[in-house]
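Trainee: Sharing a structure, written as structure tokens. Questions coming.
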Amino acid sequence: MTMPEQKRRVTVIGSGPAGLTAAVYSARANLEPLVIEGIQAGGQLMLTTEVENYPGFIDGIMGPELMENMRAQAARFGTEFRTENVTEVDFTRAPFTIKTADSTVVSDTVIISTGASALMLGVPGEKELLGHGVSTCATCDGFFFRNQEILVIGGGDSAMEEANFLTRFASKVTVVHRRDTLRASKIMQDRAKANPKIEFVWDSAVTEVFGNGKVAGARLKNLKTGAESELAAGGVFVAIGHVPNTPLFEGKLELAGGYITTQDGGTQTSVPGVFAAGDVVDFRYRQAVTAAGMGCMAALDAERYLEGMPVTPQNW
């Protein structure tokens, strides 16, 4: 059954650290935000086991528990949640229209925090061992692999950056690349090739990640000879890129490389009253704490925007 149209002052699309922080700040400002959290709520931290680099948790915290705490905090201050996916948005005029399969919301401001998704290999074992040795973030998880041998999959700047970073912890890092030359910039290539802890396996693709409850290694196939092999490893870091979750906003907002563009270092998008925060904007840092910071910024920006609007039955 379709719900009757609702009017809101603030609607948040997405429920990762950026969206939930935006909700906390908006709720504490008595703006009674609505969070349309998506069917798969919680963002990328729902796929993470232990988080040790989020400030305030001395002994670390499990990713899903951190997101559950953030959600409960937002709810405590009056945030309403809908576990639905947004199917359509209309930003051509304010108040803005947001549709799901079962509801329509009209909102004076919108905060977009739909995040990004790491590109995955799509091979057996990868999904099952994600968070148990398979990772897409060296700065998030590298600490857990002290004195272990690690595989990094990819050949671009991100892969070289991850490989170099991981040598701070690993005893050995092996970069597996599908070609015989890297796509990374020359300076990143030179840095990786000069690192004594980094080795390369060329012309090869991962066909399977294996392990019993945690990663034990990967099976490889040489794409030129067809030869198959196994490499033992305690971790497999997939570094083949990220895709921002922005198809819904194509043609509705200004994008660059798929990411939503914002103005003057803030969170205002190309449409006044529509704000964006977290990995849907940030292709550089991609950390939970930076996403949360941007969520705070978006909520403050939305509050200041609303302060300039008259309070009438139409927009309250």
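Trainee: Would you please list the contacts, defined by Cβ atoms under 8 Å and residues six or more apart or on different chains, that run from a residue in segment 260-275 that is of a type in the set (Asp, Glu) to a residue that is assigned to a strand (DSSP E or B)?
Mentor: Partner pairs satisfying both residue conditions: none exist.
Trainee: Those residues that are among the hydroxyl-bearing types (Ser, Thr, Tyr) and outside the structural domain of Gly38 (by TED's automatic domain parsing), I need them from segment 222-280; list them, please. It would help to see each step written out before you state the result.
Mentor: Filtering segment 222-280 for residues among the hydroxyl-bearing types (Ser, Thr, Tyr) gives 225, 229, 246, 259, 261-262, 267, 269-270.
Once the filter is applied, which keeps residues that are among the hydroxyl-bearing types (Ser, Thr, Tyr) and outside the structural domain of Gly38 (by TED's automatic domain parsing), segment 222-280 yields Thr225, Ser229.
Trainee: Next up: (1) more than 20 Å from Glu126 (Cβ to Cβ); (2) aliphatic (A, V, I, L, M); (3) touching a residue at least 12 places away in the same chain (Cβ under 8 Å): which one isn't true of Ala205, the others all being true?
Mentor: Unmet for Ala205, out of (1) more than 20 Å from Glu126 (Cβ to Cβ); (2) aliphatic (A, V, I, L, M); (3) touching a residue at least 12 places away in the same chain (Cβ under 8 Å): (1).
Trainee: Taking Phe91, is it crowded, with 16+ Cβ neighbours inside 10 Å and either within 24 Å of Leu253 (Cβ to Cβ) or not assigned by TED's automatic domain parsing to the domain that holds Phe144 (or both)? Break it down into steps so the answer makes sense when it comes.
Mentor: Numbers: crowded, with 16+ Cβ neighbours inside 10 Å: yes; either within 24 Å of Leu253 (Cβ to Cβ) or not assigned by TED's automatic domain parsing to the domain that holds Phe144 (or both): yes.
Yes: the conditions hold for Phe91.
Trainee: On to the next question. Do we have Gly63 as within 26 Å of Val134 (Cα to Cα) and at pLDDT below 95 here?
Mentor: Details: within 26 Å of Val134 (Cα to Cα): yes; at pLDDT below 95: yes.
Here the answer is yes, as Gly63 does meet what is asked.
Trainee: Against the definition (touching a Pro at 6+ places or on another chain (Cβ under 9 Å), assigned to a loop (DSSP other than H, G, I, E, B) and more than 20 Å from Phe169 (Cβ to Cβ)), how does Ala94 come out, yes or no?
Mentor: On the way: touching a Pro at 6+ places or on another chain (Cβ under 9 Å): yes; assigned to a loop (DSSP other than H, G, I, E, B): yes; more than 20 Å from Phe169 (Cβ to Cβ): yes.
Against the criterion (touching a Pro at 6+ places or on another chain (Cβ under 9 Å), assigned to a loop (DSSP other than H, G, I, E, B) and more than 20 Å from Phe169 (Cβ to Cβ)), Ala94 qualifies.
Trainee: Just for strands (runs of 3 or more DSSP E) wholly inside segment 140-211: which have at least 3 residues that are surrounded by 19 or more Cβ atoms within 10 Å (Cβ to Cβ) and among the aliphatic types (A, V, I, L, M)? I'd like the intermediate steps shown before the answer.
Mentor: Working: elements: 149-153, 172-176, 198-201, 204-210.
Filter on segment 140-211 gives 149-153, 172-176.
Trainee: Select from segment 85-115 the residues that are at pLDDT 95 or above and of a type in the set (Asp, Glu) and write down the one among them that is nearest to Asp279 (Cα to Cα).
Mentor: Once the filter is applied, the top-ranked residue is Glu88.
Trainee: For segment 38-70, give me each residue that is assigned to a helix (DSSP H, G or I) and in contact (Cβ under 8 Å) with a residue 40 or more places away in the chain.
Mentor: First pass over segment 38-70, keeping only residues assigned to a helix (DSSP H, G or I): 43-47, 63-70.
Passing the criteria: Gly43, Gln44, Leu45, Leu47, Gly63, Leu66, Met67, Met70.
Trainee: Mind counting the residues in segment 48-90 that are more than 17 Å from Gly14 (Cα to Cα) and in contact with a Leu (Cβ under 8 Å, 6 or more places away or on another chain)?
Mentor: Of the residues in segment 48-90, 3 are more than 17 Å from Gly14 (Cα to Cα) and in contact with a Leu (Cβ under 8 Å, 6 or more places away or on another chain).
Trainee: Shifting gears a bit: If you take the residues in segment 249-276 that are in contact with a strand residue (DSSP E or B) (Cβ under 7 Å, 6 or more places away or on another chain) and surrounded by fewer than 17 Cβ atoms within 10 Å (Cβ to Cβ), which one is nearest to Asp141 (Cα to Cα)? Let's see the steps before the verdict.
Mentor: In the first step, residues of segment 249-276 are kept if they are in contact with a strand residue (DSSP E or B) (Cβ under 7 Å, 6 or more places away or on another chain); the result is 249, 252-253, 258-262, 267-271, 273-276.
Of the ones still in play, those that are also surrounded by fewer than 17 Cβ atoms within 10 Å (Cβ to Cβ) are 258, 261, 270.
Working: Gly258: 26, Thr261: 28, Ser270: 35 Å.
The residue in question is Gly258.
Trainee: Which of the residues spanning segment 62-85 are under 14 Å from Ala288 (Cα atoms) and crowded, with 18+ Cβ neighbours inside 10 Å?
Mentor: Answer for segment 62-85, where residues must be under 14 Å from Ala288 (Cα atoms) and crowded, with 18+ Cβ neighbours inside 10 Å: Gly63, Leu66, Met67, Met70.
Trainee: Any residue in segment 292-310 that is within 17 Å of the chain's Cα centre (by Cα), in a loop (DSSP other than H, G, I, E, B), modelled with pLDDT under 95 and not acidic (Asp, Glu)?
Mentor: no
Trainee: Sticking with this one: List the residue pairs whose Cβ atoms are under 8 Å apart, where the first residue sits in segment 123-139 and is at pLDDT below 95, the second is among the basic types (Lys, Arg) and buried (at least 18 other Cβ atoms within 10 Å of the Cβ), and the two are 6 or more positions apart or on different chains.
Mentor: Filtered contacts from segment 123-139: Cys137/Arg286.
The values are calculated or read from the model by the stated rules, or taken from the named source; none is laboratory data. Quick caveat, the model's predicted, so the values are computed rather than measured. Reconstructed Cβ throughout: ideal geometry from the backbone, glycine too, with neighbour counts over all protein chains shown.
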